[in-house]
Amino acid sequence: MKVMIAAGGTGGHIYPALALAEMMQKKEPGTEIVFFGSNNRMEAKVIPDAGYRFFGSKMSGMNGGITAKAASLMSLIKAESECRKILKKEAPDICVGFGNYISVPMIKAAHALKIPTMIHEQNSFAGKANRYLAKYADAIVGCYESNLEQFPLPKTKLLGNPEATLAAETVWNPDTLKEYELNPDLPFVVFMMGSLGSSSVSEVIDKALPMLRDDYQVIVAAGKSNDYVFQYVSNERIKIVPYVNGKLMLKGCALAVLRAGATTMAEIGAIGTPSILIPSPYVPNNHQYHNAMELVSKDAAAMIEEKDLTAERLSAKINELMGSKEERESMHVNAEKLGRKDAADNMISWMKELVRK
């Protein structure tokens, strides 16, 4: 089978696509996978670095005023024409889009050429691009019950995020903590505000650190592009580092303090990580809040909205949960019930079914 995947814009769209590609190569050896995306965004580097062939086109999103929207429309029309040429040359058996405007030209071109199409929606509140593409897709994969209200039911299935499958396979070794000069025998809390970090939340975390009890350890992943400089100095119990392996930390920690991006939510469910979620208010449709509520409403996570976030409130909630193994265990069980560990396997099975038809 030959698969063309359209993905790009942000890690939330790119990494689930790469997870699917990785699982396909494990489960279906010999599968040929080719990617399409924007030639001037992160996918143009991340995807080739992962070892995949990549076609890039110059595209822009529909944000801004009338002039910007007109320029975006023209770029997408041009990209669709380029996609038709690429698809005729590459002749994939199926095309899969992972949301964002970057998927639009590839899925529309594939539909026009009668190549089977699938789109994947990572968030509980579907993005504009996927809602638009629903009429062109033969199959729609969602992750949340709310997606069933947003897409045509006959061709929509809740299979989950391929990142969950990778997360479920993660193995934790307590000796990992020695790399941070921490004690492998003590529980730890991890703070992760996305790969880039959050300056606004980091300031609150910084002030909260001295208020945390001393019977557990802490790892703060500050983020690679965080403008905030922590004033708290790392010690034998609390470590502040730029970056950590997210899946590994979620597997090993007693509690995680996190944003509520789609990939993070998938990983929490697959692993069953007890968590305090701080949804980013700076994303379209406030979708991180909706993602978080899917877990909070089922007692699978706690949430503090950023507008309500203070050092006192954050430290009190962490101390409360770290003092109650029973509450954390309940979160673990409830989160795991929502996890879709076989997401990639089920997507691959449906893709093969579409190709056979």
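The values are calculated or read from the model by the stated rules, or taken from the named source; none is laboratory data. If you're wondering where the values come from, they're calculated on a predicted model, not measured in any experiment. Glycine also receives a Cβ, built like all others from the backbone with ideal geometry; neighbour counts cover every protein chain displayed.
For Val204, the conditions (1) part of a loop (DSSP other than H, G, I, E, B); (2) of a type in the set (A, V, I, L, M, F, W, C); (3) in contact with a helix residue (DSSP H, G or I) (Cβ under 6 Å, 6 or more places away or on another chain); (4) farther than 30 Å from Ala343 by Cβ all hold with the exception of (1).
Restricting attention to segment 323-334, the residues that are in contact with an Asp or Glu (Cβ under 9 Å, 6 or more places away or on another chain) and over 19 Å from Gln217 (Cα atoms) total 3.
Against the condition in a helix (DSSP H, G or I) and either of a type in the set (Ser, Thr, Tyr) or in contact with a His (Cβ under 8 Å, 6 or more places away or on another chain) (or both), how does Thr273 come out, does it pass? Walk me through it before giving the result.
Values: in a helix (DSSP H, G or I): no; either of a type in the set (Ser, Thr, Tyr) or in contact with a His (Cβ under 8 Å, 6 or more places away or on another chain) (or both): yes.
When the stated conditions are applied, Thr273 does not pass them.
Every residue, every condition in (1) under 20 Å from Ile119 (Cα atoms); (2) surrounded by 15 or more Cβ atoms within 10 Å (Cβ to Cβ); (3) not β-branched (Val, Ile, Thr), yes or no:
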{"site": "Thr31", "(1), (2), (3)": "yes, yes, no"}
{"site": "Asp49", "(1), (2), (3)": "no, no, yes"}
{"site": "Ile86", "(1), (2), (3)": "yes, yes, no"}
{"site": "Gly97", "(1), (2), (3)": "yes, yes, yes"}
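The set of residues from segment 184-197 being surrounded by 14 or more Cβ atoms within 10 Å (Cβ to Cβ) and more than 15 Å from Val220 (Cβ to Cβ) comprises just one member, Pro187.
Screening segment 64-82 for residues that are farther than 22 Å from Ala126 by Cβ and crowded, with 17+ Cβ neighbours inside 10 Å and picking the one that is farthest from the chain's Cα centre (by Cα) gives Glu82. Filtering segment 51-102 to residues that are free of Cβ contacts under 8 Å to residues at least 60 places away in the same chain and among the aromatic types (Phe, Trp, Tyr) leaves Tyr52, Phe54, Phe55. Listed by first and then second residue, the pairs linking a residue in segment 269-295 that is in the same structural domain as Lys128 (by TED's automatic domain parsing) to a residue that is assigned to a loop (DSSP other than H, G, I, E, B), with Cβ atoms under 9 Å apart and 6 or more places separating them unless they lie on different chains, form an empty list. Of the candidates Val171, Val244, Val190, the single residue that is part of a loop (DSSP other than H, G, I, E, B), in contact with a strand residue (DSSP E or B) (Cβ under 7 Å, 6 or more places away or on another chain), closer than 23 Å to Gly269 by Cβ and not small (Gly, Ala, Ser) is Val244.
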